[in-house]
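S.K.: Dropping a structure here in structure tokens format, bear with me for questions.
No value in this document is a laboratory result; all are computed from the given coordinates. Everything numeric here is computed off the predicted structure, so don't read it as measured data. A quick note on method: Cβ atoms are made from the backbone with ideal geometry, for glycine too, and the neighbour counts reach across all protein chains shown.
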Amino acid sequence: MKRGTNFHPDTTPLARCIARIADIVGQELDEAEILEMGKKALQDLIARDDWLPEFCAVPDPNMYRQYLLYCDPLERFSIVSFVWGPSQRTPIHDHSTWGLVGVLRGAEISERYVVGSPMKSVQTERFEVGAVDAVSPTVGDIHLVRNALNDQSSISIHIYGGNIGVIERRVFDPDTGHSKKFVSGYSNDRLPNPWRTVAKLT
Ligand SMILES: [Fe+2]
């Protein structure tokens, strides 16, 4: 398959996922139900790796990238492609909303923390392609994520219960537990067209 930053694949799987999440957040569901149903939608999205536009898969040599793929017009959810260069990692951070993390390429490690001085690591898990993790203020919201691979990029697809790029969140100093507010923003200034299907002659 010809690839390059101008390669535009058939994005139908992304459009299907958007529709499913819009349907889920439009119902009166509790958070556990949203996470369970959203997990299935994300598992289906990452079950194949032929739909992510290349410009949302480009690593940066200095820092992980977060490319917005779609944001709900009512900001009830957003879908983001996280691209990790070799060994790149986040600081310890929270989310302030529910989130689902599914590995599309490579592998990543999530280390969960509870607030303390120093911060206390309580769980470390490795996620391979196809695996989905969940975060929220209810199920555990503070973690550090890193690329499990030190010789290649990894990509994970994230779904959050809000427009995650504008939500005020916290990063934590690992030694003191002191927190600072941050707003992550996004790395991209152009978006994929989720409804771009490949033309067919019949
Ligand atoms: Fe996170």
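S.K.: What whole-number distance in Å separates the alpha-carbon centres of the range 127-202 and the range 49-102?
M.R.: 4 Å
S.K.: Fewest Cβ neighbours within 10 Å first, please rank W98, W84, W195 accordingly.
M.R.: On the way: W98 22, W84 27, W195 10.
So the residues, fewest neighbours to most, are W195, W98, W84.
S.K.: Once you list every other residue whose beta carbon is under 12 Å from the beta carbon of S96, what net charge do they have if Lys and Arg are +1 and Asp and Glu are -1?
M.R.: 0
S.K.: Trypsin sites (Lys or Arg not before Pro) within the range 128-202: which are DSSP loop residues with at most 11 other Cβ atoms inside 10 Å?
M.R.: Hits after loop and neighbour filter: R190, K200.
S.K.: Pick from Q152, Q66, Q88: which is most flexible by mean-square fluctuation in a GNM of the chain where alpha carbon atoms under 10 Å apart are linked?
M.R.: Judging by the Gaussian network model, the answer is Q152.
S.K.: State the extension gain, in nm to one decimal, for the chain segment bounded by D50 and V114, taking 0.36 nm per residue of separation less the distance between their alpha-carbons.
M.R.: Going from the current span to full extension adds 19.3 nm.
S.K.: For K181, which aspartates and glutamates qualify as cross-link partners when the Cα separation must be under 16 Å and same-chain residues fewer than eight apart are set aside?
M.R.: Within the straight-line limit of under 16 Å, K181 reaches these aspartates and glutamates: D94, D141, E168, D173.
S.K.: With each label point set 7 Å from Cα along the Cα-Cβ vector, what nm distance links A131 and L191?
M.R.: Modelled inter-label distance: 3.2 nm.
S.K.: Compare H158, H178, H95 in a GNM of the chain, Cα atoms joined below 10 Å, and give the one with the largest fluctuation.
M.R.: Among H158, H178, H95, the largest mean-square fluctuation in the Gaussian network model of the chain belongs to H178.
S.K.: Sorting L14, L74, L201 on the 10 Å Cβ count, fewest up front, what's the list? Show your work: numbers first, answer last.
M.R.: Details: L14 25, L74 10, L201 3.
Result, fewest neighbours first: L201, L74, L14.
S.K.: Would you mind ranking M37, M63 by Cβ crowding within 10 Å, fewest neighbours first? Could the numbers behind the result be given before it?
M.R.: Details: M37 17, M63 13.
Listed from fewest to most nearby Cβ atoms, that is M63, M37.
S.K.: I'd like the GluC sites (Glu not before Pro) in the range 9-107 restricted to DSSP loop residues with at most 11 other Cβ atoms within 10 Å, sorted by number.
M.R.: E28
S.K.: For K200 and T176, compute 0.36 nm times the residue count separating them, minus their Cα-Cα distance, and round to one decimal in nm.
M.R.: 2.8 nm is the gain from fully extending K200 to T176.
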